[in-house]
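Engineer: Take this structure first; my questions come after.
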Amino acid sequence: INRAASLQDNILFGRIVPRYAEASGRINQVLSATLHETGLFEVVFDLGLGFDIGSGAKRLSSGQQQKLTLGRALVKRPDLLVLNRPLSALDGDTQRRIAAEIIRSRQSLDTPRQTILWVLAHADHADLFDRVIEFREGRMQGQESEASPPQEVM
């Protein structure tokens, strides 16, 4: 987190280079589309992309910090997205809603084959995922069959 930078610059890990034609417009379109499709746009809009988030994002709540970190990961559109309780500061219903939106948004974000490994804070959210692996005391306890049909997301 760069205290001197805006929220937008912190999401992008820097400023947009003006030397390239239409770079700012294209990057802002991708950023806006990603925030809309993941359900994070309203949060960012409420804060304002120019809002000073403070050193280490201290002016944001822990839930907002987690959403920011998750948004950064999604903007990169990785083939493999590994998340370890990324929304633990939020209530269970909000965690479930955001997880469902992220899974649902893979097609519209042009990452339909993206693999998501998500360590859940609430075991009852496992129904959102195609495959589930459970660990207890460091050992794998159960694994849902790969042949089982994908679960319908709310």
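The values are calculated or read from the model by the stated rules, or taken from the named source; none is laboratory data. Keep in mind it's a predicted model, so treat the numbers as computed, not measured. Note: areas computed on protein heavy atoms with side chains; ligands, DNA, RNA excluded. Shrake-Rupley method; radii C 1.70, N 1.55, O 1.52, S 1.80 Å.
Engineer: Please compute the alpha carbon radius of gyration of region 76-115, then divide it by the globular-protein estimate 2.2 N^0.38 Å. Two decimals is fine.
Structural biologist: That ratio works out to 1.22.
Engineer: Any chance you could run the full-extension gain for F45 through T115? It's 0.36 nm times the residue separation minus the Cα-Cα distance, nm to one decimal.
Structural biologist: Result for the pair: 22.4 nm of gain on full extension.
Engineer: Something else about it: Could you give the C-alpha radius of gyration of region 40-99 expressed as a fraction of 2.2 N^0.38 Å, taking N as the number of residues it contains?
Structural biologist: That ratio works out to 1.14.
Engineer: Which percent of the accessible area of region 77-136 is formed by carbon and sulfur heavy atoms (probe 1.4 angstrom)?
Structural biologist: 47 percent
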